[in-house]
1. Going by average Cβ density within 10 Å per residue, which order do the peptides B:159-170, A:220-231, B:183-194 take, highest to lowest?
2. If you take every DSSP beta bridge whose two residues both sit in segment B:3-207, what share of them, in percent to the nearest 5, is antiparallel?
3. Need one value for A:223-235: mean number of C-beta atoms belonging to other chains within 10 Å of its residues' C-beta atoms.
4. Does segment B:3-207 come out rounded, prolate or oblate, given a ≥ b ≥ c as the square roots of the eigenvalues of its C-alpha gyration tensor, rounded meaning a/c under 1.5 and, failing that, prolate meaning a/b above b/c?
5. Can you give the helix-only mean residue ellipticity at 222 nm for the protein assembly as shown, where every DSSP H stretch with n ≥ 4 adds -39500 (n - 2.57) and the sum goes over all residues, rounded to the nearest 500 deg cm²/dmol?
6. Based on the alpha-carbon gyration tensor of segment A:1-150 and its eigenvalue square roots a ≥ b ≥ c, which shape applies: rounded if a/c is under 1.5, prolate if not and a/b is larger than b/c, or oblate?
7. Between segment A:191-221 and segment A:35-56, how many Å separate their Cα centres?
8. Could you work out the relative contact order of segment B:3-207? I mean the mean sequence separation of Cα pairs under 8 Å and 6+ apart, divided by the number of residues, in percent.
């Protein structure tokens, strides 16, 4: 009897529609976010994450309405990330019904923002999202760097050091995405996941690259993640959340069924 | 129409709990309020909270709501949630040693660092996610299967002086008290408003509870 490992479906939302691209291009429409969130809740999702990829400021209101609608009928934790840059952005999302917000680029540009946000709203609602890419050459000890702008801009920051710094600054959880694997369906970067999960004392969510149910189990068993996040394998009904949980349970992982 | 007041003292987001209460029973009048008159007039009171204990107690004293909560706890069904549960103990070691409301005698302690699970992996703090809850008999567990999983997020937990007031426990990795009860007071460490079906059932049970057990 202990804490269950979590499965978190992620909805990339663009102008009110769920989309999924491969390495942030070639976007496919996957449907209505409220309808999809409802389905995931019924199937036993442990949390739901919305990533607002809307490029224009004018359309940001759309995600607030999506969260409001979902929060009035889905009673599991909801996280919203994408474009969170100010304390006012956070307040708006929490008031709409989000339980946590994901802070990504804004943390890189101004780490103090994470500190302010955690002091103001509590660490329990501050998820720092880290986009990391492997920068070591073959044969070298493995090393990953933080990238911004959807994986296009290197920052020179070591990903493991950054995760620990964010914990010290008040992050309650780390959402770790491998930019090398995101959208490839070839599995998590397990070495990266394990390096960060073992370096920090806060929970780590593995993300980026899930293509089948073994990948989810590997993220927990080999990557030592506390939770696993996936998008397209659930959106296009390749697998249900329940199938994923039964598969993980068969591998000896404790899940909520 | 029966009414429930959700106490608003500026600690955390109350929309989730208000929405969940309304969803659990559409026939109940749910009010988020900092007004002692509204709270005093309500049939039931929910005392939620997230964040740090020092800020929480400061806010309760500044607003005068500390006394309002003590009064409510003595007179009508009261549900404490998360930080709202911890604030009902005598004191908390979070941020030094903060005196709390002393509705339940006992202390609030932090999970030890470097605890490991059965496979030797370090346990993360906060304790975050869905954990099983081992119930002791109480009407608020009606229609909730034994060992159901509820959603937790916390780094501190209650250690009551009177063990009979502990009405449920969870393991992380050692057993800790995750629900307290006496008279018309019930308090939980987890978030029923985020615990899907079983959480809504608990809220429904509270909204129908006559305060006796």
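Every read-out reported here was derived from the displayed coordinates using simple, explicitly stated rules and does not represent laboratory data. Values in this document were obtained by computation on a predicted structure and should not be read as measured data. Here the Cβ is made from the backbone with ideal geometry for all residues, glycine too, and neighbour counts use every protein chain on show.
1. Packing order, densest peptide first, comes out as B:183-194, A:220-231, B:159-170.
2. DSSP beta bridges in segment B:3-207 are roughly 60 percent antiparallel.
3. Counting Cβ atoms of other protein chains within 10 Å of each residue's Cβ and averaging gives 1.
4. oblate
5. Value at 222 nm, helices only: -8500 deg cm²/dmol.
6. The shape class here is rounded.
7. Here the answer is 20 Å between Cα centres.
8. Once divided by the residue count of segment B:3-207, the mean separation gives 20 percent.
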